[in-house]
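Here is the structure we will look at, set down as structure tokens.
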Amino acid sequence: MFAGWHPKTPMSVNAGKHVMQRSFERFYLVVFLAVLCNMPNRGSAQSIKHSYRFFNDLAVSAPECGPALTAIQAAGNCGANTSPGGFVPDVLPQCGVTRTVYGSNVHWGLSYPNNAGTVTGTYTIHIYVKNTSWGNRSWSRIIDFSNGTSDAGIYYKSSGSGNQRCLDFYPSGIIGNCPFFELDTYYLLTFTRNGATGIIDVYVNNNRFVSYNDAAGKYVGTAGVPILIYRDDQSVVCESAEAKFAYLSFTNEYSSQATVNAVYDDICTIANTNDAARFSVTSAANCSASRDVTVNYTGSLTGGGQGYNIVWDWGGGTVISGAGLGPFTVRYPSAGTKNISLSITNTSCGTTQLATGQVQLKTAVTTVINQAICQGQAFEGYTTTGSYTDVFIAASGCDSTRVLNLAVSASVNSTIQKTICEGDNYEGYSTAGTYTDRFTTTGGCDSTRTLILTIHKKVFTNLQRTICEGESYFGYTKTGVYTDVFTGSNGCDSTRRIQLEVTGTLRTALSAEICEGGSFEGYTRPGTYIDSYMSVNGCDSIRTLTLSIKPLPSLNLGPDQAICSDDTIVLNAGVHDSYTWQDGSTGSTFTVKQPGVYSVTVSNICGTSTDNVTITTTYCDIVFPTGFTPNGDGRNDHFKIIRSGRIDSYRLEVFNRWGQKVFSGNDPARGWDGTMSGKQADTGIYVWDCTIKRGGETKKIKGAVNLIR
């Protein structure tokens, strides 16, 4: 694919040719200027390195001095997540560790200020990254050198099939193996440019992926112009991916294959720890009074340590040789654990990194052991009292001297005669016999004891008694088991056990109901009666009788009644056990809707009773209230008809004193609520007019009503 043409910027064939012609006319001038401007001058240029490890912040890693990264949203309306991303735990498979990384959401990226001109003609950019989404476009930006003003830059490009991506130096086109890059895989991407040659070497992990001739200088930065990582430009927007960053660094130096190899081989240390303050300590295996150790600086500082304050703490050691970053030979006057620390402070901004280490220095060891054993035992091969000295070679290679002071103790034997009572025990024994036990004395030797044990039996008496409530037995008056212990002539206990049962007065409660005129055990009136009897066990028995009288059924449906046409009346037969109305229904009430004779028979266990009533209908006058109180208390809140009988049609209208209609309605069940146009009407007298039709007759009535609040 030719430089100057790319599918992202479509053009005609003629236009492409015209651009190619202009490109070749300028080629030699561009190459000359690129070489002239970008030739590295290591004699005067100061090394710059800014590293970012994303441990819960976007700041540069100490002791480096440099700007913090900032999260930046893609240009244009990309439907980006409102959150740029955040710090999340992730597994670095090459390192086998779980640590915090920075997860950037799609259409978001990172901005490196480039104020010091770290990325210009000569640079190296390391990105240890895992892509988690390619976004929704064919391209997704890796590096933008223009602060989002140009579409030129380094991209991932869709291969057209599958979910793998290629590397695209836009607008020059795809370079290297295609497709190659996959999602959810950590890559160490290295982009390093030689300003003298214009060559950009791209490494994936420690393999050179491609070398690209950037003699035209399209992929260089400018001091003060931010370098955008994974954030697209504003020319063709929304070409941004989603990724997790574990490490990112910018330097103004070109990196060789050997340098890239060293970074990749040590990526677990470089990405997870700041290796500026790092050193190793080695010591020789010796047991002399003088102890020498060798300390080598194994970290990485830009500029060979220039611009840093380097402070060593030797933990009591004396430097025999070495300065600055070493190597050092340090001598210690005694053996033991020695602590060494290295503090590196950047003199430009004062940030400090501290590393510590330890070394174990060896020495000859003399151990004194005071040991006691029993006769017949051995310790380290010795069986008699004495002092023994042995010399060994320790694992460290130094002599180890052991002085053993051994004491041998003889065994102890004893015989004991003991008499105890039955149920007791002596030293854990509770039956008569001869027992031999072996113990360990305070000196750790066996002690033999012979025990001759005699047992005196106890006397045990068991009594069972039953008494009535209010009596006593041996002073006890309540049901229970009582044990009394006495001392016999042999000094052992005599036990008496009483199982006492107290029969309480039998109290029973009885409720009975009899019919009016009947009797129960001679009682004919309601009340509570208490009687006393003698039970079979000879104790009192008291019975409490609660007697109630159930009356004969009494029924009264009331006098004959007249009701308005279409009205109903409910007849109530009272409370009884059963009901039978004239139509066979069995409820306690009956609703009358038609005139006629209605009867009911009620019954309970004591008898039956029958009554009847005659219901007639009459023509009822229409009645309206003369006042109402619409105050919301649920009582008399509406002005409406209060008695009417059957109505076929109905219309009610209400007027105020000026003749304005304030209400009209056709439903006799609903009336005027005392409002006018949704607001409370004034108190006072209102005139009403009602037209009613029933039974083929139309009647108009009028009146006045008083609205009271």
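Return the residues of region 662-681 that are on the phi < 0 side of the Ramachandran plot and surrounded by 12 or more Cβ atoms within 10 Å (Cβ to Cβ); say none if nothing qualifies.
V662, F663, S664, G665, P668, G671, W672, D673, T675, M676, Q680, A681
When you scan region 110-133, how many residues do you find that are farther than 20 Å from D233 by Cβ and among the polar types (S, T, N, Q)? Here the count works out to 5.
Could you list all residues from region 286-345 that are part of a helix (DSSP H, G or I) and not β-branched (V, I, T)?
Matches in region 286-345: G303, G304, G305.
Summed over region 415-456, the residues that are small (G, A, S) and more than 30 Å from D493 (Cα to Cα) give a count of 3.
Listed conditions (1) surrounded by 12 or more Cβ atoms within 10 Å (Cβ to Cβ); (2) under 60 Å from the mean Cα position of the chain (by Cα); (3) in contact (Cβ under 8 Å) with a residue 40 or more places away in the chain are all met by Q358, apart from (1).
Give the number of residues within region 77-96 that are charged (D, E, K, R) and modelled with pLDDT under 90.
Final tally of qualifying residues: 0.
Residues in region 471-515 that are more than 30 Å from R525 (Cα to Cα) and assigned to a loop (DSSP other than H, G, I, E, B): 13 in all. Comparison of T356, T415 shows that the only residue that is more than 30 Å from P63 (Cα to Cα), touching a strand residue (DSSP E or B) at 6+ places or on another chain (Cβ under 9 Å) and not small (G, A, S) is T415. Taken over region 461-481, the criterion of being more than 9 Å from V502 (Cβ to Cβ) and within 60 Å of the chain's Cα centre (by Cα) is satisfied by V481 alone. When Y308, Y203 are checked against the criterion of being in contact (Cβ under 8 Å) with a residue 24 or more places away in the chain, in the same structural domain as Y112 (by TED's automatic domain parsing) and touching a strand residue (DSSP E or B) at 6+ places or on another chain (Cβ under 6 Å), a single residue qualifies: Y203.
Against the list (1) in contact with a His (Cβ under 9 Å, 6 or more places away or on another chain); (2) closer than 30 Å to T384 by Cα, the condition R438 fails is (1).
Would you check which residues across region 138-154 are of a type outside the set (V, I, T), under 40 Å from the mean Cα position of the chain (by Cα) and surrounded by 19 or more Cβ atoms within 10 Å (Cβ to Cβ) and list them? Steps first, answer last, please.
Going residue by residue through region 138-154, those that are of a type outside the set (V, I, T) are 138-141, 144-148, 150-153.
Subset that is under 40 Å from the mean Cα position of the chain (by Cα): 138-141.
Selection gives W139, S140, R141.
The number of residues in region 118-164 that are part of a loop (DSSP other than H, G, I, E, B) and either modelled with pLDDT under 95 or in contact with a strand residue (DSSP E or B) (Cβ under 8 Å, 6 or more places away or on another chain) (or both) comes to 23.
The values are calculated or read from the model by the stated rules, or taken from the named source; none is laboratory data. Keep in mind the model is a prediction, meaning the values are calculated, not measured. Using ideal geometry, Cβ is built from the backbone for each residue, glycine included, and neighbour counts are taken over all protein chains shown.
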